[in-house]
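Worksheet: the structure to be examined is printed underneath.
The values are calculated or read from the model by the stated rules, or taken from the named source; none is laboratory data. Just so you know, these numbers come straight off a predicted model, no measurement behind them. When we count neighbours, we look across all protein chains shown, and the Cβ atoms used for this are built from the backbone with ideal geometry, even at glycine. SASA here: full protein model, heavy atoms, side chains in, ligands and nucleic acids out. Shrake-Rupley method; radii C 1.70, N 1.55, O 1.52, S 1.80 Å.
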Amino acid sequence: MTEKKEELDPLIVAGRAFRSRLIIGTGKYKSYAENAAALEASGAEMVTVAVRRVNLTNPDAPRLADFIDPQKTLYLPNTAGCFTAEEALRTLRLAREAGGWDLVKLEVLADQKTLYPDMEETLKALKVLIKEGFQVMVYCSDDPVYARKLEDAGAAAIMPLGSLIGSGLGVQNPVNIRLIVEQARTPVIVDAGVGAPSDAAIAMELGCDGVLMNTAIAEAKDPVRMARAMKHAVIAGREGYLAGRMPKKRYADPSSPLAGLI
Amino acid sequence: MQVTINGETRVARQGDSVETLLQSVGLVPQKVAVERNGEIVPRSRYAITMLADGDRLEVVQFVGGG
């Protein structure tokens with residue numbers, strides 16, 4: 001029953017439909033096995049992955065693909081760790097060759113302390129990627145003006161931060177997130193900052209199309225259980241948004257009828 | 001001749017292809033992506049792309065990340 005409802009409300013990114021509106025990262029887990037178990041519990045169909053040099057001294061080291069099958073789960077190559085447009089472009093061109101698909105996540109960071117997105121470099125990289133035929137989901141600040149510029153440049157999804165990467169501080173600027181959602185014609189996915197399931201629910205209640213998280217699950221005491229909690233939180237938030245919440249009131253309004261009181 | 005692969009110097013023979021080099025270091029060519037002197041080498045060209053002395057190769061794969 002629930003599943004049927006979800007199927008009617010897919011997340012569509014770059015023409016691909018996803019039943020789950022949760023995207024999870026694959027960093028910081030104790031092992032790839034734990035990561036795979038958390039993925040299973042989360043119900044996510046898309047995971048972010050990094051592109052890194054292969055280990056030449058130990059080419060037989062465990063590989064992500066041995067635990068999370070790229071045929072079953074969409075790998076979303078990410079440019080985490082890139083601080084210039086040029087680095088990000090190089091990484092994604094390699095990612096396209098490694099994976100054989102065009103859907104990628106762009107993030108160009110400004111500094112190590114905040115990992116805040118450098119929007120000027122991000123927009124620059126995005127324009128080149130679009131020309132080269134990539135479908136680009138873009139990590140960005142919660143600035144509605146820049147969100148619009150990204151969309152105009154052809155972004156496949158706008159991914160504003162809830163708060164700083166890995167901070168777990170939740171959605172710090174719900175007003176801006178809502179502004180971005182209201183004007184967007186492409187999916188808006190809150191990326192970064194989610195710490196607790198309630199944070200994910202808040203993002204979804206604001207009307208976001210999805211949530212991306214990594215640390216909130218990977219650094220929970222029980223990552224598999226947290227992954228399951230996040231799955232439910234995203235569904236709850238989405239359903240709540242679609243249901244339309246009651247208006248807020250300043251004073252009490254009794255739920256039981258006043259007529260017939262003894 | 002010498003080539004650099006992921007920052008490490010390796011000895012290669014004249015006539016070695018990218019594919020030969022990948023296999024010689026124990027890598028499965030289908031599972032990695034290669035950049036040679038800043039240019040992507042398409043996977044379909046590993047076997048026919050011959051190495052030259054001083055080539056700089058980057059060999060990458062997908063790993064866990066956020």
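Descriptive notes on the structure:
- Residue in the stretch A:53-72 that is under 25 Å from residue A:12 (Cβ atoms), free of Cβ contacts under 8 Å to residues at least 60 places away in the same chain, more than 7 Å from chain B (Cβ to nearest Cβ) and polar (S, T, N, Q) present: yes
- Residues in the stretch A:103-130 that are assigned to a loop (DSSP other than H, G, I, E, B) and away from chain B (no Cβ under 14 Å): A:108, A:110, A:111, A:112, A:113, A:114, A:116, A:118.
- Number of the exception - residue A:122 against (1) over 27 Å from residue B:28 (Cα atoms); (2) without any contact (Cβ under 8 Å) to a residue 24 or more places away in the chain: (2)
- Residue list for the stretch A:151-186, restricted to those being within 25 Å of residue A:15 (Cβ to Cβ), surrounded by fewer than 21 Cβ atoms within 10 Å (Cβ to Cβ) and touching an Asp or Glu at 6+ places or on another chain (Cβ under 6 Å): A:186
- When residue A:232 is tested against the conditions (1) open to solvent by 40 Å² or more (accessible area, probe 1.4 Å); (2) outside any helix (DSSP H, G or I); (3) not basic (Lys, Arg), the lone failure is (2).
Conditions tested, residue by residue: (1) on the phi < 0 side of the Ramachandran plot; (2) modelled with pLDDT of 95 or more; (3) outside any helix (DSSP H, G or I).
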{"residue": "A:220", "(1), (2), (3)": "yes, yes, yes"}
{"residue": "A:226", "(1), (2), (3)": "yes, yes, no"}
{"residue": "A:236", "(1), (2), (3)": "yes, yes, no"}
{"residue": "A:248", "(1), (2), (3)": "yes, no, yes"}
{"residue": "A:258", "(1), (2), (3)": "yes, no, yes"}
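- Number of the exception - residue B:51 against (1) under 25 Å from residue A:99 (Cβ atoms); (2) loosely packed, with under 12 Cβ neighbours inside 10 Å; (3) in contact (Cβ under 8 Å) with a residue 40 or more places away in the chain: (2)
- If you go through the stretch A:80-102 and pick out every residue that is within 17 Å of residue A:131 (Cβ to Cβ) and assigned to a loop (DSSP other than H, G, I, E, B), you end up with 1.
- Just one of the numbered conditions (1) closer than 15 Å to residue A:209 by Cβ; (2) part of a loop (DSSP other than H, G, I, E, B) is not true of residue A:133: (1).
- Residue A:129 meets the conditions (1) out of contact with any Phe, Trp or Tyr (no Cβ under 8 Å at 6 or more places or on another chain); (2) surrounded by fewer than 23 Cβ atoms within 10 Å (Cβ to Cβ); (3) under 24 Å from residue B:57 (Cα atoms); (4) of a type in the set (A, V, I, L, M, F, W, C) in every case but one. The failed one is (2).
- Qualifying residue in the stretch A:194-217 (condition: touching a residue at least 60 places away in the same chain (Cβ under 8 Å), closer than 17 Å to residue A:79 by Cβ and out of contact with any strand residue (DSSP E or B) (no Cβ under 6 Å at 6 or more places or on another chain)): yes
- Within the stretch A:187-203, being surrounded by fewer than 24 Cβ atoms within 10 Å (Cβ to Cβ) and part of a loop (DSSP other than H, G, I, E, B) holds for A:187, A:195, A:196.
A quick yes/no check of all residues on (1) among the polar types (S, T, N, Q); (2) facing chain A (nearest Cβ under 9 Å); (3) open to solvent by less than 30 Å² (accessible area, probe 1.4 Å):
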| position | (1), (2), (3) |
| --- | --- |
| B:3 | no, no, yes |
| B:7 | no, yes, no |
| B:11 | no, no, no |
| B:18 | no, no, yes |
| B:24 | yes, no, no |
| B:27 | no, yes, yes |
| B:30 | yes, no, no |
| B:37 | yes, no, no |
| B:40 | no, yes, no |
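- As for the stretch A:168-178, it holds at least one residue that is of a type outside the set (Gly, Ala, Ser), in contact with a strand residue (DSSP E or B) (Cβ under 8 Å, 6 or more places away or on another chain) and outside any loop (DSSP other than H, G, I, E, B).
Results for (1) modelled with pLDDT under 90; (2) in contact with a helix residue (DSSP H, G or I) (Cβ under 9 Å, 6 or more places away or on another chain); (3) farther than 23 Å from residue A:60 by Cα; (4) not in a loop (DSSP other than H, G, I, E, B), shown as yes or no for each residue.
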| site | (1), (2), (3), (4) |
| --- | --- |
| B:9 | no, no, no, yes |
| B:15 | yes, no, yes, no |
| B:19 | no, yes, no, yes |
| B:30 | yes, yes, no, yes |
| B:35 | no, yes, no, yes |
| B:48 | no, yes, yes, no |
| B:54 | no, no, yes, no |
| B:60 | no, yes, no, yes |
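- Some residue of the stretch A:57-72 being assigned to a strand (DSSP E or B) and modelled with pLDDT under 95: no
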